[in-house]
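**Q** Have a look at this one before I ask anything.
Values in this text are rule-based calculations from the coordinates and carry no lab data. Bear in mind that the values here come from a model prediction, so they are computed numbers and not experimental data. Because the Cβ atoms are built from the backbone with ideal geometry, glycine has one as well, and the counts that use them run over all protein chains shown.
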Amino acid sequence: MSAKERDHVTGVETTGHEWDGIKELNNPLPAWWLYTFYVCIAFAVLWWVLYPSWPTSSTYLGGVLGYDQRQDVRDRLAEAREAQGAWRSRIAEQDPAAIIADPELLTFAVAGGEVAFKENCAPCHGLGGAGQLNYPTLADDAWIWGGTVDDIEYTVRHGIRNADDDDARYADMPAYGDMFDAGQIEAVADHVLSFTSDTPDNAEGATLFAENCAACHAEDGGGDPTMGAPALNDAIWLYGEGRDAVIAQVTRPRQGVMPAWQGRLSDDEIKMLTVYVHSLGGGQ
């Protein structure tokens, strides 16, 4: 067995590894480092015994302390709900208009409604009701079905064009592609665009609009919230702006669906959600 080489400067054995003339010394690990390492190992083993750890074929080692993080979360939520109980009871007893009239209750309702909105509504309507293409903005003054607190509550409860609620709001725009030729549809689109842009009005389109569209959208394109007919004279376009988008909507209209939140959310959550949406800035 060959003798181990020692570094001639330090006298310490080398490992036999050398890079560019630099030899690796075989120094032992510091005692403090070794002790810390051993303590960490012991601590890990103790933790495995005390708390849930290794999985088994069908479950996991539960730990001798019986700690359950899911149950801990459930307990915390129950405590929070109990602490909110007095406020929620007051909300359950009043309608949204009365809630808005009470400054303290309004503050609580807006905070609770914001949470419900982020969890249920924001994926479509955007954070803060900012809206996005195909989903209406809730923070402006344009309301397809009305923006009073009662209108908003009804829409939240029953939704729009859904099959789950017999009281859902419903409006049906005809597909004029089955009734008009391409030239007539373009003429109507030009007339609609003339409400909000420099597009020249189209006499044929104005006549067709008056005969077929004004009954719902009004002669000036102002819309009718009682029928779910959106305004066409405010430059707010749900399904895209521009001539091509208007032609596509007249030809084969897209008509959105909103779920009914009654039955999915509690009564007090619906009221808080209503108050929050109304507070976004566009409530009437």
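**Q** Quick one: net charge around ALA260, please, counting Lys, Arg +1 and Asp, Glu -1 for every other residue with C-beta under 13 Å from its C-beta.
**A** -1
**Q** Past the 19 angstrom mark, what percentage of all C-alpha to C-alpha distances in region 98-201 do you count?
**A** Roughly 63 percent, once rounded to a whole number.
**Q** So for region 176-251, taking the charge dipole from beta-carbon charges (+1 Lys/Arg, -1 Asp/Glu), which of TRP237, MET179, THR251 sits furthest toward the positive end?
**A** Working it through, the farthest residue towards the positive pole turns out to be TRP237.
**Q** Kindly provide the Kirkwood hydrodynamic radius of region 176-251 in Å, to one decimal, from all pairs of distinct alpha carbon atoms.
**A** About 12.2 Å for region 176-251.
**Q** So, one more: Of the labelled options (i) 1.20; (ii) 1.25; (iii) 1.35, which one gives Rg/Rh (Cα atoms, Kirkwood Rh) as computed for this structure?
**A** Computed from these coordinates, Rg/Rh (Cα atoms, Kirkwood Rh) corresponds to label (iii).
**Q** Per Stokes-Einstein, at 20 °C and 1.002 mPa s, what whole-number D in µm² s⁻¹ belongs to region 10-100, with the Kirkwood radius over Cα pairs as the hydrodynamic radius?
**A** 108 µm²/s
**Q** If amide H atoms are built 1.01 Å from N in the plane of the peptide, which residues on other chains or at least 5 residues away come under 5 Å of the amide H of ALA229?
**A** Those lying under 5 Å, H to H, from ALA229 are ASP224.
**Q** To continue, here is another question. Toward the positive end of the charge dipole of the chain, about the Cα centre and with charges on Cβ (Lys, Arg +1; Asp, Glu -1), which of PRO55, GLY147, SER266 goes farthest?
**A** Final value for the positive-end residue is PRO55.
**Q** Can you give me the Cα centroid spacing of region 239-269 and region 1-68 in angstrom?
**A** 62 Å
**Q** Now for a separate question. What percentage of all Cα-Cα pairs in region 1-52 are separated by more than 16 Å?
**A** The share of Cα pairs beyond 16 Å in region 1-52 comes to 61 percent.
**Q** Determine the principal axes of the Cα atoms in region 40-166, then give the extent along each, sorted from largest to smallest and rounded to whole angstroms.
**A** Principal-axis extents of region 40-166 (Cα, largest first): 65, 37, 32 Å.
**Q** Taking θ = phi - 60°, what integer Hz values does the Karplus form 6.51 cos²θ - 1.76 cosθ + 1.60 yield along region 105-112, in sequence order, with x for Gly and Pro?
**A** Along region 105-112, the couplings run 5, 4, 4, 5, 5, 5, 5, x Hz.
**Q** List the extent of the Cα atoms of region 204-284 along each of their three principal axes, largest first, rounded to whole Å.
**A** 51, 25, 21 Å, listed from the longest principal axis down.
**Q** For the chain, what proportion of DSSP beta bridges, expressed in % and rounded to the nearest 5, is antiparallel?
**A** Percentage antiparallel, nearest 5: 80.
**Q** Which of the lysines could be linked to LYS271 by a straight reach, that is with a Cα gap under 19 Å, when you skip same-chain ones fewer than 8 residues away?
**A** Within the straight-line cut-off, LYS271 pairs with LYS118.
**Q** Then there is this: What are the lysines whose alpha-carbon lies under 18 Å from the alpha-carbon of LYS4, with same-chain residues fewer than 8 places away excluded?
**A** Once the sequence-local lysines are set aside, what remains near LYS4 is LYS23.
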